[in-house]
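S.K.: One structure is given below, represented as structure tokens, and several questions about it will come after.
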Amino acid sequence: MKHLILAYVLAVLPVMPACAGSIALNGIAGGGNYNVSVTSFKERLFKTVYRQQFDFSCGSAALASLLTFHYEDNVNEQHVFLDMYRHGDQEKIKKLGFSLLDMKLYLERKGYSSDGFRINLDQLTKANVPAITIINNNGYMHFVLIKGVSDTEVLVGDPAVGVKAIDRDKFSEIWNHRILFLIHDKQELAANHFQDRREWALRVKAPLGTAVDRSSLADFNLLQPGNFDL
């Protein structure tokens, strides 16, 4: 795992945005020269969610995205990944990946209070804050960020594919009412970035209750095949 983490760090550092740049328009509108900034559609999908760099890093990417784009606390995936690994149960992480408990402890080190809740999507909408949760991605558990909820769709920040909208019934099927992980602090700030109409416009159409006991969060790990129903 040490070699894996080193490879991860070395790979992440030189990553540059793909397909962004400018186009030179010469001799248009009276012969002037213009440079027009261009952003690809694929890039736009990752404007408010970090793209995970490896199969095992969706948890750190989701948490970094939550802090950066919803709480205006700029951190990157690499920082979150390395911090959670250094402070976590490294043997367990090697086998199963990160858990929601790893995220909770990371947030505590940064001064945030957070918990997992067994609430439904309507309750999350009423709370008006984003949440991290786990969906079943073809038999593997995958961390995603819930950015908004409508009557028919769920707006998801997916570290693998970007911002997308999932049919609400389909989302309920792959989510299966698992824990929703929320930050207690700065709720007004988080509310300003929840249900953002600009993110809804960017989406790709995809084919508070009682807090869960702290120890239960350790059961929710990254990339563990199987059923997480409790």
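The values are calculated or read from the model by the stated rules, or taken from the named source; none is laboratory data. The structure presented is a predicted model; accordingly, all values stated were derived computationally and were not measured. So basically every Cβ, Gly included, is an ideal-geometry build from the backbone, and we count neighbours across all protein chains shown.
Matching residues to (1) of a type in the set (Asp, Glu); (2) under 30 Å from Gly88 (Cβ atoms); (3) modelled with pLDDT of 95 or more; (4) in contact with a Cys (Cβ under 6 Å, 6 or more places away or on another chain):
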site: Asp185; (1), (2), (3), (4): yes, yes, yes, no
site: Glu188; (1), (2), (3), (4): yes, no, yes, no
site: Phe194; (1), (2), (3), (4): no, yes, yes, no
site: Trp200; (1), (2), (3), (4): no, no, no, no
site: Val204; (1), (2), (3), (4): no, no, no, no
site: Leu208; (1), (2), (3), (4): no, yes, no, no
site: Val212; (1), (2), (3), (4): no, yes, no, no
site: Ser215; (1), (2), (3), (4): no, yes, no, no
site: Asp219; (1), (2), (3), (4): yes, yes, no, no
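S.K.: Taking the conditions exactly as written (more than 22 Å from Ala191 (Cβ to Cβ), touching a strand residue (DSSP E or B) at 6+ places or on another chain (Cβ under 6 Å) and at pLDDT 95 or above), does Ile146 satisfy them or not? Step through it out loud before you land on a result.
M.R.: Numbers: more than 22 Å from Ala191 (Cβ to Cβ): no; touching a strand residue (DSSP E or B) at 6+ places or on another chain (Cβ under 6 Å): yes; at pLDDT 95 or above: yes.
Taking the combined requirement at face value, the residue does not satisfy it.
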